[in-house]
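Colleague: Mind looking over this structure? Questions follow.
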Amino acid sequence: MTGFGTVTHKGMSNMKPGFLWFVAVGTVFGMFGASLVQADDLNDLFKGYLKSKIAPPAQEQPVTASAPATQEVSADKPADQLLKALMGGNVSEQEEVRIGQQIAGNLLGAAPLVRDDGLQRYVNRVGRWVALQTERPDLNWHFGVIESDDLNAFAAPGGYIFLTKGLYQRLNSEAELAGVLGHEIGHVLRKHHLKLLQKSQGIAAIGGLLGRKLKNEHEVVQNLIGNGAEVVARGLDKDAEYEADRIGLVLSARAGYDAYALPAVLAEIGHVAKDDKRVSLLFKTHPLPEDRLSHLSDAVADTLDALPEGQSGTGRFYRLR
Amino acid sequence: MIRVSQRGISHVLVSVLGWSCLLFASSVFGMAMPPQKPTQSVAAGSNAVMLKADDLRAAPDSKSTLLLRVEKGAQVRLQVSQGGWSQISSAGYTGWVRVLSVRIQSKDGIELSDLGALGKKPQGNVVAVAGTRGLDEKQLGLVSYDAAEVERLRSYVIGRQEAEQYAQAAGLHARDMSYIAAPNQ
């Protein structure tokens, strides 16, 4: 924690507007130190990875279940490699998953999984089936319903998808669930959040520290994503949301579901009063449902006319008690 | 030749009889014929608003008779939606528009979200959330990594095969469909 504080203040000498943001983040870090407490837990997770870099023959730590470790021989430390990859825009799948896992773990720190095994398994079955209709079918997709009355859903790089219990309870069918998950899957496919991180001011600042103060990958990842899970509260470009809507609709249709289920969810969300606290974050980070429906409507036009009607899956829909 | 004309006559007779019966039945039971002409019976359904201008058609088919052009923002009554089409009533006509052209304003006819607020930005800076922990940006910024929850999340992950088995049991069949491009503005 102190290490990070020192770094930020040292960096103030070559201060740029972008750097101010970074410093502000660092200050909050210093004040609360919340996110760095977890470093102990996470260090364990990444220790194995670091070890594998230092001593290649050692047993590989299963940081991610799917991606194989990068085998390229490099004199760089893993942290430097990751930073260079991010700055150059060549993030490997393994690195993408590592970033996503960090964000997912932070989000779960705010809102844990709903304690309902049946629900979580169900959402993973539907979600994985929808994800199989994409160009990344073999990514290790994780789906979860989190404990919150808010109406929202989140995606993190590498295939981490969450929706809130509040939103789940508003859904009426499996097709609607598929549409919501499809929208979030769309963000992962198009790497919207990863691009947001790469564009963020902080990365340039961290880049300036290459090979110096940031000792390990965990620090790089955590610093990159900012405080906790704040990154998921950062709004994406409106066009990214419209694109995810189009993808969600197509993916649920590909999976055999009613293509009009996602628009139905948007219409349903539109019925929630605009000043309802449960949608304040959603409406802050997304275009209004009316605008999303309009865009979807314009984009779809007559493209679905020849499509046979899909399943709603209402009977199979897992109802929360 | 004779046989053919006889057949023709009987066919005409059957048709006339058929239509008379139908007319008789509809008058007896008070059934309306398919809505080809303006009708004032628009009591049923929900309040809805047109998200975009669209053609009101006599049947849920883009090749059926054009009844009326319904403008964006028009207040209509939505009767039912099926497939890609919604049956609406507008300006005395009842017909079909594309389901994505119209948005229901509420389920029971009472508007929940103020129509006047459409297009306006939502009120910002509402951060206090009652009940469970909120998910506003401030609180999200103060959380820490929960390794146990990540492990739990991982325990629910399923593989390709299990997902395919689930879909098969559910009768879900994968379909080919291209991604949809952004609309030209």
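Colleague: Residue-wise, which Karplus ³J(HN,Hα) couplings in Hz belong to segment A:235-243, taking 6.51 cos²θ - 1.76 cosθ + 1.60, θ = phi - 60°, and x for glycine or proline?
Modeller: x, 8, 4, 4, 4, 5, 5, 5, 5
Colleague: What are the ³J(HN,Hα) values, in whole Hz, obtained from phi via the Karplus relation 6.51 cos²θ - 1.76 cosθ + 1.60 with θ = phi - 60°, for each residue of segment A:277-282 in sequence order, with x given for Gly and Pro?
Modeller: Ordered by residue, 3J(HN,Hα) equals 4, 5, 10, 5, 5, 4 Hz.
Colleague: Can you compute the radius of gyration and Dmax for segment B:46-104, using only the Cα atoms, both in Å?
Modeller: Over segment B:46-104's Cα set, Rg and Dmax evaluate to 9.5, 26 Å.
Colleague: Would you mind giving the mean number of other chain beta-carbons within 10 Å of the Cβ of each residue in B:47-59, as a whole number?
Modeller: For this peptide, the per-residue mean of nearby foreign Cβ atoms is 1.
Colleague: I would also like to ask the following. Per residue of A:135-146, how many C-beta atoms from partner chains lie within 10 Å of its own C-beta, taken as a mean?
Modeller: 3
Colleague: Then there's this: If I stretch the segment between B:GLN168 and B:ASN184 completely, what's the gain in nm (0.36 nm per residue apart, minus their alpha carbon distance), one decimal?
Modeller: That pair, B:GLN168 and B:ASN184, stretches by 2.0 nm at full extension.
Colleague: Cα-Cα over 32 Å: which of A:LYS284/B:LYS63; A:LYS165/B:LYS63; A:LYS274/B:LYS72; B:LYS52/B:LYS138; A:LYS191/B:LYS63?
Modeller: Result: A:LYS284/B:LYS63; A:LYS165/B:LYS63; B:LYS52/B:LYS138; A:LYS191/B:LYS63 exceed 32 Å.
Colleague: While we're on this one: Across the residues of A:121-134, average count of Cβ atoms on other protein chains within 10 Å?
Modeller: So the per-residue partner count for this stretch is 5.
Colleague: Next question, about the same structure. Please give the length that would be gained between A:LEU307 and A:LYS195 if that part of the chain were fully extended, namely 0.36 nm times their separation in residues minus their C-alpha to C-alpha distance (nm, one decimal).
Modeller: The A:LEU307-A:LYS195 span can extend by a further 37.0 nm.
Bear in mind these aren't lab numbers, they're just calculated from the coordinates by the rules spelled out. Small disclaimer: the values here were computed from a predicted structure and weren't measured. Every residue, glycine as well, gets a Cβ built from its backbone with ideal geometry; the counts of neighbours run over all protein chains shown.
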